[in-house]
1. Between region 2-66 and region 112-177, what's the alpha-carbon centroid distance in Å?
2. Of 94, 25, 14, whose Cα points farthest to the positive end of the dipole of region 1-95 (charges on the beta-carbon: +1 Lys, Arg; -1 Asp, Glu; origin at the Cα centre)?
3. What is the extension gain from residue 24 to residue 170, computed as 0.36 nm multiplied by their sequence separation minus the C-alpha to C-alpha distance, in nm to one decimal?
4. Can you list which of the trypsin sites (Lys or Arg not before Pro) found in region 53-154 are DSSP loop residues with at most 15 other C-beta atoms within 10 Å?
5. For residue 182, what charge total do you get from the other residues with a beta carbon under 13 Å from its beta carbon, if Lys and Arg give +1 and Asp and Glu give -1?
6. Name the residue farthest towards the positive end of the dipole of the chain from the options 154, 178, 48, assuming +1 on Cβ of Lys and Arg, -1 on Cβ of Asp and Glu, about the Cα centre.
7. DSSP loop (so not H, G, I, E, B), at most 13 other Cβ within 10 Å: list which GluC sites (Glu not before Pro) in region 4-87 pass both filters.
8. For region 87-186, state which GluC sites (Glu not before Pro) are in a DSSP loop and have at most 13 other beta carbons lying within 10 Å of their beta carbon.
Amino acid sequence: MVQRLKAFVDQVRAQVSLYPRVPDATQEQALFGSLKPALEALLKQNDWLPESHAKFDPARYQQHPLYRDPEGRFSVVSFVWGPGHATPVHDHTVWGMVGVLRGAELCHHFGLRNGQWEAQGDSHLVHAGEVDLVSPSMGDVHRVSNALPDQITISIHVYGADIGLVKRHVMTPGQAEVREFISGYSDVPPLLG
């Protein structure tokens, strides 16, 4: 089963190697164009993620590393969301793809208005098999939550850096405040070394 993930990681590695470490907006779109179908194909199979990387914590969502590129060019992570789990409003500072493997996520984008962080537009659902995109060039600040009140949701995230080590930001709605944070990972070792 891990072969499916390995094949996906090989595809990401091959595509990422075609672009600079920090691709411009046009290069990002080309990268998304090649990688989004690959992530969608991975999401069609729901039997490859081992229980070790689907572990649920009732206190908060979990970020389990699946693969961390040795050169820090990208990472693949499973997020496990329990009922009621949500992120704060945050950014990523790098390109990313969020694909739902099981369940559904609710995503709401935020932006600065009159110097304060405010929700922009309507929230949107990302269902199992679907992929959402983020990057500083197209909209990078959002809040994500489990859309299901009584079930676990699992999503597979691919980022253009080792996301657990990246300095990112948390924003407070209705305020201008921005705080730095580094998310880290759960204590589960990467599935692929």
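The numbers here are math on the coordinates, done by the rules we state, and not lab data. Keep in mind that this is a model prediction, so the values were computed, not measured. Glycine also receives a Cβ, built like all others from the backbone with ideal geometry; neighbour counts cover every protein chain displayed.
1. First find each Cα centre; the distance between them is then 17 Å.
2. Checked the options; the winner is 14.
3. Working: separation 146, 0.36 × 146 = 52.56 nm, distance 2.39 nm.
50.2 nm is the gain from fully extending residue 24 to residue 170.
4. Numbers: sites: 55, 60, 68, 73, 102, 113, 143; in loops: 55, 60, 73.
Here the sparse-neighbourhood loop sites are 55, 60.
5. Working: positive: 167, 168, 179; negative: 91, 162, 180.
Charge balance in the 13 Å sphere: 0.
6. Checking the options against the dipole of the chain, the answer is 48.
7. Numbers: sites: 28, 40, 51, 71; in loops: 71.
Hits after loop and neighbour filter: 71.
8. Values: sites: 105, 118, 130, 177, 180; in loops: 130, 177.
Loop-located and lightly packed - 177.
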